[in-house]
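Scroll down for the structure; my scribbles are underneath it.
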Amino acid sequence: MKDRDPERSLIVPLRLLERGQLRWSVTVRASDLAEADTDDDLRIADVELPLNSDVRVELSLELISGGVSAVGRITAGWRGPCARCWTPLDGGICASVREVFAAEPCEGEQYLLHPEHADLAPMVREAILLELPIEAIACPHPDPCPNLPPDLASAYDDSGHDDPAGAADPRWRPLEALRRRQAESP
Ligand SMILES: [Zn+2]
């Protein structure tokens, strides 16, 4: 592993915890987190962390019996399209964390503590993924969405009468309205 700038590293050498407590405040790139696990991007559906964006990690680490506790917060920015008009939107998350690193971690509850270091990346990734918006995001303009012609914007009427199962992706509704409009035109 190449030497990492400690100001930008999520690898915490345990020798720094000799006094029992340690503040770990670093800014890393989202791409640093993606590297940790190449088959899984930092994204939920269409919402993702741009690879070149900053992720701020502010933690208090403490030696506890059986491991190291990590308490603090993680802030990051995401980007995703408006579900109605596809305009790119930016947003931010702030995730609170309270986790334990252990040499023999309980599956799903704790993170692995290596003999000489703690790798914060898996914890940071999970904290971010839990905070990314999972519901469709929309641009701040009230209905009708400014990028849609009025008759298509009205397709977002949430009465759902054209959607008996209520399961259709709402992003397709303008397309359905467009099809209806074409079918009705001579
Ligand atoms: Zn929009």
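The values are calculated or read from the model by the stated rules, or taken from the named source; none is laboratory data. A quick note: this is a predicted structure, and the numbers were derived from the prediction, not measured. We place every Cβ from the backbone using ideal geometry, glycine too, and count neighbours over all the protein chains shown.
Examine the range 39-57 for a residue that is part of a strand (DSSP E or B), at pLDDT below 95 and β-branched (V, I, T), and state whether such a residue exists.
Yes, the range 39-57 contains at least one residue that is part of a strand (DSSP E or B), at pLDDT below 95 and β-branched (V, I, T).
If a residue must be within 16 Å of the ligand (Cβ to nearest atom) and surrounded by fewer than 13 Cβ atoms within 10 Å (Cβ to Cβ), how many such residues does the range 90-114 contain?
1
If you take the residues in the range 68-89 that are surrounded by fewer than 17 Cβ atoms within 10 Å (Cβ to Cβ) and not hydroxyl-bearing (S, T, Y), which one is nearest to the ligand (Cβ to nearest atom)?
The extreme case among them is W86.
How many residues are away from the ligand (no atom under 16 Å from the Cβ) and out of contact with any helix residue (DSSP H, G or I) (no Cβ under 8 Å at 6 or more places or on another chain) when one looks only at the range 116-134?
Residues meeting the conditions: 11.
If you check A136, A127, A121, which single one turns out to be modelled with pLDDT under 85 and either more than 30 Å from S25 (Cβ to Cβ) or surrounded by 14 or more Cβ atoms within 10 Å (Cβ to Cβ) (or both)?
Every option except A136 fails the conditions.
With E116, E99 as the choices, which residue is modelled with pLDDT of 75 or more and in contact with a Phe, Trp or Tyr (Cβ under 7 Å, 6 or more places away or on another chain)?
None of the other options fit; the residue is E99.
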